[in-house]
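The values are calculated or read from the model by the stated rules, or taken from the named source; none is laboratory data. Everything quoted here is computed from the prediction, not taken from an experiment. Positions of Cβ are backbone-derived with ideal geometry, glycine not excepted, and every protein chain shown enters the neighbour counts. We work out accessible area using only protein heavy atoms, side chains counted, and drop any ligands, DNA or RNA first. Shrake-Rupley method; radii C 1.70, N 1.55, O 1.52, S 1.80 Å.
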Amino acid sequence: MQIDGRPYRTIWVDPEDGWSVRIIDQTQLPWTLAIARLTTLAEAAHAIRAMLVRGAPLIGATAAYGLCLALRADPGTDAMGRAAATLAATRPTAVNLRWALDRMTALLGDVAVSERVALAYREAAAIAEEDIARNQAMGRHGAELIAAVARDHPGRAVNVLTHCNAGWLATVDWGTATAPIYVAHAAGIAVHVWVDETRPRNQGASLTAFELGKAGIAHTVIADNAGGHLMQHGQVDLAIVGADRVTRTGDVANKIGTYLKALAAKDTGVPFWVAVPSSTIDWTIADGIASIPIEERSEAEVATLTGRGPDGAVTTIRVIPEGSAAANPAFDVTPARLVSGLITERGRCAASEAGLAGLFPGRG
Ligand code: MRU
């Protein structure tokens, strides 16, 4: 995607040295476009844990490149296992992390130590390229939903609600939930996006609004609590969100607050779609509420807000009383029964074991 006329991905190998890894530091958006350089396993693990990079597919790609950096220091089998364990421990909910590390270590475990570094970089690059291709395909399948609403309501924009940032910043490029919006926009369909601010870290307000603005797509940031009201008043045609882990039965773990949006959508009859690449499907589990580990993050993220003051300085302020406790579960699980359907790179399906098995035979 483009920022001010220049194409970017969220992660790439530095073309100057051919090995260090460049990322957009998302903790600094939307105020500053800062490019960070990762040179070690520790730096890659920190980038994931501290959310310089975030979003399930991008976490997976960063873990793959983190393993490359680790192998440069020590390509031995024991060291590779320790590096994979370090990366796997950075964030628990998005299954793309485990998926990418399993893919890398399975491949690299079978080759001579001397060949590992070069092969690791090739595989990490393949993971990144495949992510883009999957997202573009999801964009095509999801855009059909937007186009259908546009046909039924000529003369006005299609109103899509989204939560968190499941945009290109959450992936290597294109995004999951936003890919259909980009495809529809490119096809000349008028789209307006309701952007949930997504407390506590405000990925919607900071990141989704930033990337939609740069793409020239009409959008309005709303408080997280506003979505149900807008749905009751016919102002949301469909909701499209991303996912951090989807069970083989179609339960969806996504950013905290997704479940409440799905409940409101069910009550008001608004279609609630989840864009999910196959790398986000956890085929090993069936019950999302019982089995998906939910990350608990620092209470400081709830107790504070960060923004730009009138003097231009970016400042963090405390918004709850000193002495009050805060809790910060970072994800929730939306049961499959509340999901209208899944948008995958292979097409759309019901959020169910049969639906997913139909698109991915033999995986369940
Ligand atoms: O905590 P984050 O910002 O990594 O959470 C991201 C989300 O929940 C996204 O909605 C999800 O990863 C979908 S990604 C395209």
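State the number of residues belonging to segment 256-275 that are crowded, with 19+ Cβ neighbours inside 10 Å and out of contact with any Ser or Thr (no Cβ under 6 Å at 6 or more places or on another chain).
The qualifying residues number 7.
Hand me the list of helices (runs of 4 or more DSSP H) wholly inside segment 193-297 holding 3 or more residues that are in contact with a helix residue (DSSP H, G or I) (Cβ under 7 Å, 6 or more places away or on another chain).
Hits in segment 193-297: 227-232, 258-268.
Among the residues of segment 13-39, write down those that are within 13 Å of the ligand (Cβ to nearest atom) and either more than 29 Å from Arg308 (Cβ to Cβ) or open to solvent by 20 Å² or more (accessible area, probe 1.4 Å) (or both).
Thr27 - this is the single residue of segment 13-39 that is within 13 Å of the ligand (Cβ to nearest atom) and either more than 29 Å from Arg308 (Cβ to Cβ) or open to solvent by 20 Å² or more (accessible area, probe 1.4 Å) (or both).
Identify the single condition in (1) assigned to a strand (DSSP E or B); (2) surrounded by 14 or more Cβ atoms within 10 Å (Cβ to Cβ) that Ile317 does not satisfy, given that it satisfies every other one.
It fails just one condition, (2).
Mind listing whichever residues of segment 281-296 are in contact (Cβ under 8 Å) with a residue 40 or more places away in the chain, open to solvent by 30 Å² or more (accessible area, probe 1.4 Å) and within 14 Å of the ligand (Cβ to nearest atom)?
Pro293, Ile294
Filter segment 183-199 down to the residues that are surrounded by fewer than 21 Cβ atoms within 10 Å (Cβ to Cβ), in contact (Cβ under 8 Å) with a residue 12 or more places away in the chain and out of contact with any strand residue (DSSP E or B) (no Cβ under 8 Å at 6 or more places or on another chain), then identify the one that is farthest from Ile146 (Cα to Cα).
Arg199
Does segment 254-278 hold any residues that are under 17 Å from Ala351 (Cβ atoms), hydroxyl-bearing (Ser, Thr, Tyr) and more than 10 Å from the ligand (Cβ to nearest atom), and which are they?
Tyr259, Ser278 - these are the residues of segment 254-278 that are under 17 Å from Ala351 (Cβ atoms), hydroxyl-bearing (Ser, Thr, Tyr) and more than 10 Å from the ligand (Cβ to nearest atom).
What about Gly55, is it at positive phi, touching a residue at least 40 places away in the same chain (Cβ under 8 Å) and surrounded by 23 or more Cβ atoms within 10 Å (Cβ to Cβ)?
Yes: the conditions hold for Gly55.
Output yes when any residue across segment 23-31 is under 25 Å from Ser278 (Cα atoms), without any contact (Cβ under 8 Å) to a residue 60 or more places away in the chain and not in a helix (DSSP H, G or I), and no when none is.
Yes, segment 23-31 has at least one match.
Run down Ala325, Ala330 and say which single residue is more than 21 Å from the chain's Cα centre (by Cα) and at pLDDT 95 or above.
Of Ala325, Ala330, the one residue that is more than 21 Å from the chain's Cα centre (by Cα) and at pLDDT 95 or above is Ala325.
Name, by its number, the condition in (1) buried (at least 24 other Cβ atoms within 10 Å of the Cβ); (2) within 24 Å of the chain's Cα centre (by Cα); (3) assigned to a helix (DSSP H, G or I) that does not hold for Thr86.
Only one criterion in (1) buried (at least 24 other Cβ atoms within 10 Å of the Cβ); (2) within 24 Å of the chain's Cα centre (by Cα); (3) assigned to a helix (DSSP H, G or I) is unmet by Thr86, namely (1).
May I ask you to say which residue of Ala170, Ala177, Ala166, Ala190 is more than 10 Å from the ligand (Cβ to nearest atom) and either at pLDDT below 95 or not assigned by TED's automatic domain parsing to the domain that holds Leu29 (or both)?
After applying the criteria, what remains is Ala190.
Do you know which residues across segment 244-253 are within 15 Å of the ligand (Cβ to nearest atom) and among the charged types (D, E, K, R)?
Asp244, Arg245, Asp251
Which one of these is open to solvent by less than 10 Å² (accessible area, probe 1.4 Å) and either at pLDDT below 95 or not in a loop (DSSP other than H, G, I, E, B) (or both): Ala42, Ala70, Ala64?
Ala64
Among all residue pairs at least 6 apart or on different chains, which show Cβ distances below 8 Å where the first residue, located in segment 93-110, is within 18 Å of Ile294 (Cβ to Cβ) and within 16 Å of the ligand (Cβ to nearest atom) and the second is open to solvent by 10 Å² or more (accessible area, probe 1.4 Å) and acidic (Asp, Glu)?
Thr93/Asp244; Thr93/Glu295; Ala94/Asp244; Val95/Asp244; Asn96/Asp244
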